[in-house]
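The values are calculated or read from the model by the stated rules, or taken from the named source; none is laboratory data. Computed from a prediction, not measured in an experiment: that's the story for all the values here. All Cβ positions, glycine included, derive from the backbone under ideal geometry; neighbour counts span all protein chains shown.
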């Protein structure tokens with residue numbers, strides 16, 4: 001997962017009022033630790049494992065192959081679980097210029113679902129508490145922030161334009177010069193692709209920065 005995404009998760013955990021339990025790693029278990037929460041593999045004595053104990057809920061244990069406990073597993077808030085899970089999944093997105101539009105749409109769909117859940121929760125509150133209670137204010141703030149994030153995602157550039165990288169003019173060149181010019185062009189094209197992906201990734205990450 002990109003460092004910026006991890007940092008965002010930690011910041012939002014703090015701002016959202018969630019107390020994130022610390023992750024621990026045990027190099028060699030003294031005794032069996034039960035099954036890995038993620039893959040179900042039995043963790044036997046002598047195995048390396050990872051664990052965390054959230055404030056609410058029981059101890060969470062992962063085998064070494066599954067790695068540390070994620071933020072979405074440690075929070076007791078359904079909203080933050082969805083938000084953190086989305087942030088975590090973004091670490092696997094934006095790897096191909098042809099998939100950026102699909103990645104952005106997937107993020108927007110998840111945010112729309114989260115917004116609908118918040119709106120439903122707000123509508124189910126007594127009318128007089130929607131604007132006067134801290135819970136009602138929090139739900140309305142989340143709805144507004146989700147709307148803003150979705151709007152920001154609508155402005156993300158999702159189509160890569162390779163015309164910005166000019167094809168080399170090889171007229172009059174020797175074969176060796178043509179090969180070098182083509183190699184330089186392909187390197188420039190790859191750099192442009194990487195820049196495009198990084199810009200899309202950063203824009204998506206920024207769009208989610210005020211949620212929590």
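A few notes on this one:
- In region 135-143 there is no residue that is farther than 30 Å from residue 80 by Cβ and in contact with a helix residue (DSSP H, G or I) (Cβ under 8 Å, 6 or more places away or on another chain).
- When region 71-103 is filtered for residues that are in a helix (DSSP H, G or I) and more than 27 Å from residue 23 (Cβ to Cβ), the ones remaining, listed by number, are 97, 98, 99, 100, 101, 102, 103.
- Qualifying position, being over 30 Å from residue 196 (Cα atoms), assigned by TED's automatic domain parsing to the domain that holds residue 199 and outside any strand (DSSP E or B), among 121, 106: 121
- Taking the criterion of being in contact with a helix residue (DSSP H, G or I) (Cβ under 8 Å, 6 or more places away or on another chain) and within 11 Å of residue 24 (Cα to Cα), the only residue of region 58-75 that qualifies is 60.
- 1 or more residues outside the structural domain of residue 138 (by TED's automatic domain parsing) and surrounded by fewer than 15 Cβ atoms within 10 Å (Cβ to Cβ): qualifying strands (runs of 3 or more DSSP E) within region 18-70: 24-26
- Verdict on residue 114 being outside the structural domain of residue 31 (by TED's automatic domain parsing) and buried (at least 19 other Cβ atoms within 10 Å of the Cβ): yes
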